[in-house]
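The values are calculated or read from the model by the stated rules, or taken from the named source; none is laboratory data. Here the structure is a predicted model, which is why all the values come from computation and not from measurement. Don't worry about glycine lacking a Cβ; one is built from the backbone with ideal geometry, like all the others, and counts go over all protein chains shown. Note: areas computed on protein heavy atoms with side chains; ligands, DNA, RNA excluded. Shrake-Rupley method; radii C 1.70, N 1.55, O 1.52, S 1.80 Å.
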Amino acid sequence: MIERLLELKKQRNAVILAHYYQSPEIQDIADFMGDSLQLAQQAKKVEADVILFCGVHFMAETAKILNPNKIVLVPDMDAGCSLADSTPKDKFLEWKNAHLGHTVISYINCSADVKAMSDIICTSSNAELIVNSVPHDTPILFAPDKYLGSYIKKKTGRDMVIWDGSCQVHEIFSEIEVMNLMKKYPNAVVLAHPECPENILAYADFIGSTQKIIQESIISDDKEFIILTESGIIHELKKKAPGKEFYAVPNINGCSCNECPYMKLNTIEKMIKALETLEPQIIMDEDTRLKALSPLERMLEISR
Ligand code: 13P
Ligand code: SF4
């Protein structure tokens, strides 16, 4: 199957972009791996004719907004995101209209329609930088992640009204299991993603995006790490920091690791089918794309 995929990739002049939450076999075959910010930056630079995006829908949509002349394929159109789903465009517009005079910052985990109604986009890598780029006397609307929003509000002390959305994966880490792992591995450092709730972040020695967690594990002198983000990242951690130990934290449902069901919808079989048929493709009307492009470009400019 891998041979067939590589052959099709060549025939279609395609490039595979993948997020760290993809399954190990997809990570190993990707041309470029990244967190949400890195994938957006990379999508803008792609020269191939086709981008096969192995992540979730809002990420592929972002690639299309930034690089409209490319065919952007997703292995599975149902690979959504609970954060993006929490902001229907009509409700978001109502909320925005009820808070005139606010600068609207949307986390990249939202639809193109919501991006189009926003002033600036951010990711978990640059949220603090983006919030601080807004003049100090201007109040901020932040959507859709309430946990990332609260974390940044606390860090920056800014006047922020926050949408009530959450990541269904990062929200369900078990606090008891974090404590158990800390007791079992007393020398382990706790690394957490800011999509986690405050009671979980309270245990973290380091809080950062997927890429920042990887970076921290590489540069740290410590040898053991308790990981509070989607467990797909552990494949990359083991590759980039060999000889170190990584412990995935179970979720409240008792699963020994915490996986995003949307990210895991993508498979090698579906990637092959997408390249064979050039379906499913991200299609977007030009008006929405142009409106969504401006806040995304603003983010990329600030994060340069
Ligand atoms: P980052 O890739 O920006 O860390 O975001 C994590 C995530 O949940 C992506 O859906
Ligand atoms: Fe969305 Fe959470 Fe899955 Fe990321 S991990 S795609 S934020 S549901």
Members of segment 53-80 that are part of a helix (DSSP H, G or I) and either charged (D, E, K, R) or within 12 Å of ligand 2 (Cβ to nearest atom) (or both) | His57, Phe58, Met59, Ala60, Glu61, Lys64
Of the numbered conditions (1) aliphatic (A, V, I, L, M); (2) in contact with a Ser or Thr (Cβ under 6 Å, 6 or more places away or on another chain); (3) within 16 Å of ligand 2 (Cβ to nearest atom), Ala241 satisfies every one except a single condition; which is it?
-> (3)
Hits in segment 102-155 - residues which are within 22 Å of Gly80 (Cα to Cα), acidic (Asp, Glu) and assigned to a helix (DSSP H, G or I) | Asp113
Kindly indicate which of Lys239, Lys244 is more than 16 Å from ligand 1 (Cβ to nearest atom) and in contact with a Lys or Arg (Cβ under 7 Å, 6 or more places away or on another chain).
-> Lys244
Listed by first then second residue, the pairs whose first member lies in segment 16-29 and is within 16 Å of ligand 2 (Cβ to nearest atom), whose partner is aromatic (Phe, Trp, Tyr), with beta carbons under 6 Å and at least 6 positions apart or on separate chains, are Leu17/Phe32; Leu17/Phe53
All positions within segment 13-35 that are within 17 Å of the chain's Cα centre (by Cα) and within 20 Å of Ile283 (Cα to Cα) = Ile16, Leu17, Ala18
Name, by its number, the condition in (1) more than 16 Å from ligand 1 (Cβ to nearest atom); (2) under 24 Å from Glu128 (Cα atoms) that does not hold for Asp221.
-> (2)
Take Glu61 and decide whether it is open to solvent by 20 Å² or more (accessible area, probe 1.4 Å), within 18 Å of the chain's Cα centre (by Cα) and modelled with pLDDT of 95 or more.
-> yes
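Okay, residues lined up against (1) part of a loop (DSSP other than H, G, I, E, B); (2) open to solvent by less than 10 Å² (accessible area, probe 1.4 Å); (3) in contact (Cβ under 8 Å) with a residue 12 or more places away in the chain:
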| site | (1), (2), (3) |
| --- | --- |
| Ser217 | no, yes, yes |
| Asp221 | yes, no, no |
| Ile226 | no, yes, yes |
| Glu230 | yes, yes, yes |
| His235 | no, no, yes |
| Lys239 | no, no, no |
| Tyr247 | no, no, yes |
| Cys255 | yes, no, no |
| Ile272 | no, no, yes |
Assess whether Glu276 counts as being assigned to a helix (DSSP H, G or I), without any contact (Cβ under 8 Å) to a residue 60 or more places away in the chain, open to solvent by 70 Å² or more (accessible area, probe 1.4 Å) and charged (D, E, K, R).
-> no
Across segment 155-214, which residue is farthest from Glu245 (Cα to Cα) among those that are among the aromatic types (Phe, Trp, Tyr), more than 14 Å from ligand 1 (Cβ to nearest atom) and surrounded by fewer than 19 Cβ atoms within 10 Å (Cβ to Cβ)?
-> Tyr203
Out of the residues in segment 81-109 that are within 15 Å of Asp145 (Cα to Cα) and in contact with a His (Cβ under 9 Å, 6 or more places away or on another chain), which is farthest from ligand 2 (Cβ to nearest atom)?
-> Ala84
